[in-house]
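Enquirer: The structure under discussion is supplied below as structure tokens; questions concerning it will follow.
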Amino acid sequence: MKTAICPGSFDPITLGHLDIIRRAAEIFPHVIVAVMVNSKKTGLFSVEERVELIRRVVQDFPNVTVESSTALLAQWAEEKGDCVLVKGLRAISDFESEFQMALINRKLNPKLETVFLPTSDEYLYLSSSIVREVCSLGGDITDFVPKEILPDVKQKLARG
Ligand code: ADP
């Protein structure tokens, strides 16, 4: 069985991401959560902070590890050996860009398949950007992010 790579920006990790990671970890023997660095986007959390937050959340998952990379995903995945990409699909609006990325990744690395897992319905509306927006305006994000990282997100956004 292959290794699953769950790539994303995870700025910050949400319960929607965690649901996909948990389900991937039930299907595949090893899951790598890959924080991919987009040099054009300045994030809320640094890449090192995002990795630390995700590690805290998945520490009880024996077959999940967390890494970051500035490389092109298709090349990075090749270095990892026999893998598939696992992505979550929220809505039709995700489909177009995810479909394009899956095809580009396979063009760049013909052995690299993408597997899509449909979101769980309670997380259909959830994204990192919604979490950042709600929290920065003083809204309650308890149902949106893992409890282990709640204070970090609140503190970061309180500081502005
Ligand atoms: P976001 O869109 O929240 O900024 P990322 O770019 O970090 O997320 O996305 C990484 C992966 O996680 C993508 O495949 C994305 O579709 C998936 N994902 C994000 N939020 C959810 C969710 N609520 N349910 C299912 N999959 C999700």
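Enquirer: For segment 14-34, how many residues are closer than 18 Å to LEU126 by Cα, among the hydrophobic types (A, V, I, L, M, F, W, C) and touching a strand residue (DSSP E or B) at 6+ places or on another chain (Cβ under 8 Å)?
Expert: Going residue by residue through segment 14-34, those that are closer than 18 Å to LEU126 by Cα are 14-23.
Keeping just the survivors that are among the hydrophobic types (A, V, I, L, M, F, W, C) gives 15, 18, 20-21.
Next, from what is left, pick out any that are touching a strand residue (DSSP E or B) at 6+ places or on another chain (Cβ under 8 Å): 20-21.
Residues that pass the stated criteria total 2.
Enquirer: Turning to a different aspect of this structure: Just for segment 74-92: of the residues that are among the aliphatic types (A, V, I, L, M) and under 18 Å from the mean Cα position of the chain (by Cα), which one is nearest to the ligand (Cβ to nearest atom)?
Expert: Taking segment 74-92 first, the residues among the aliphatic types (A, V, I, L, M) are 74, 77, 84-86, 89, 91-92.
If we keep only those that are under 18 Å from the mean Cα position of the chain (by Cα) as well, we get 74, 77, 84-86, 89, 91.
Numbers: ALA74: 15, ALA77: 14, VAL84: 13, LEU85: 9, VAL86: 8, LEU89: 6, ALA91: 9 Å.
My answer is LEU89.
Enquirer: On the basis of being under 14 Å from PHE116 (Cα atoms) and either assigned to a helix (DSSP H, G or I) or near the ligand (Cβ under 9 Å from one of its atoms) (or both), does ILE20 make the cut?
Expert: Values: under 14 Å from PHE116 (Cα atoms): yes; either assigned to a helix (DSSP H, G or I) or near the ligand (Cβ under 9 Å from one of its atoms) (or both): yes.
Answer is yes for this residue.
Enquirer: Now for a different question. Could you list, in sequence order, all residues of segment 91-110 that are loosely packed, with under 11 Cβ neighbours inside 10 Å and not in a helix (DSSP H, G or I)?
Expert: Within segment 91-110, ALA91, PRO110 qualify.
Enquirer: Restricting the search to segment 125-140, which residues are within 13 Å of the ligand (Cβ to nearest atom), part of a helix (DSSP H, G or I), surrounded by 13 or more Cβ atoms within 10 Å (Cβ to Cβ) and polar (S, T, N, Q)?
Expert: If the condition is that a residue be within 13 Å of the ligand (Cβ to nearest atom), part of a helix (DSSP H, G or I), surrounded by 13 or more Cβ atoms within 10 Å (Cβ to Cβ) and polar (S, T, N, Q), then SER128 is the only one that fits.
We did not get these values from a lab; they are worked out from the coordinates using the rules stated. All of these numbers come straight from a predicted model, not from anything done at the bench. With ideal geometry, Cβ positions are generated from the backbone for all residues, glycine too; neighbour counts draw on all protein chains shown.
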